[in-house]
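First the structure, in the form of structure tokens, and then the observations on it.
The values are calculated or read from the model by the stated rules, or taken from the named source; none is laboratory data. As the structure is a prediction and not an experimental result, all values here were calculated from the model. Cβ sites come from the backbone with ideal geometry, for glycine too, and all protein chains shown count toward neighbours. SASA here: full protein model, heavy atoms, side chains in, ligands and nucleic acids out. Shrake-Rupley method; radii C 1.70, N 1.55, O 1.52, S 1.80 Å.
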Amino acid sequence: MRCGSKCFIVEIEVEGQKQMKSVTARTSIEARKTIRGAYGTEAHILSVIEEKRRTFD
């Protein structure tokens, strides 16, 4: 894990099926690049959302 990295939830559609993947990256753009590198250009990225860390009191 690199300095300044966050966890992103990426919703993708591959071969007609929607999937949710967790990606560790610095920015949402880098998260998109990671998904494209793993699944190729055939994966349609629907959304990229930063996962908020839960704090417990």
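So is residue 6 within 8 Å of the chain's Cα centre (by Cα) and surrounded by 13 or more Cβ atoms within 10 Å (Cβ to Cβ) or not?
Values: within 8 Å of the chain's Cα centre (by Cα): no; surrounded by 13 or more Cβ atoms within 10 Å (Cβ to Cβ): yes.
So residue 6 fails the test.
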**Study point:** Residue within the range 33-55 that is outside any loop (DSSP other than H, G, I, E, B), exposed (fewer than 13 other Cβ atoms within 10 Å of the Cβ), of a type outside the set (Asp, Glu) and touching a Lys or Arg at 6+ places or on another chain (Cβ under 8 Å) present
**Key:** yes
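Give the range 22-32 a look and list any residue that's surrounded by 14 or more Cβ atoms within 10 Å (Cβ to Cβ) and of a type in the set (A, V, I, L, M, F, W, C), or say none.
Result: 23, 25, 31.
Does the range 10-21 include one or more residues that are aliphatic (A, V, I, L, M), more than 12 Å from the chain's Cα centre (by Cα) and open to solvent by 50 Å² or more (accessible area, probe 1.4 Å)? Before the answer, list the steps.
At the first step, the residues of the range 10-21 found to be aliphatic (A, V, I, L, M) are 10, 12, 14, 20.
When the remaining residues are screened for being more than 12 Å from the chain's Cα centre (by Cα), the result is 14.
Those still in the list that are open to solvent by 50 Å² or more (accessible area, probe 1.4 Å) too: none.
Within the range 10-21, not a single residue is aliphatic (A, V, I, L, M), more than 12 Å from the chain's Cα centre (by Cα) and open to solvent by 50 Å² or more (accessible area, probe 1.4 Å).
Given the structure, is residue 18 part of a strand (DSSP E or B) and among the basic types (Lys, Arg)? Even if it seems obvious, please write down each step before you answer.
Details: part of a strand (DSSP E or B): yes; among the basic types (Lys, Arg): yes.
Spelling it out, residue 18 is indeed part of a strand (DSSP E or B) and among the basic types (Lys, Arg).
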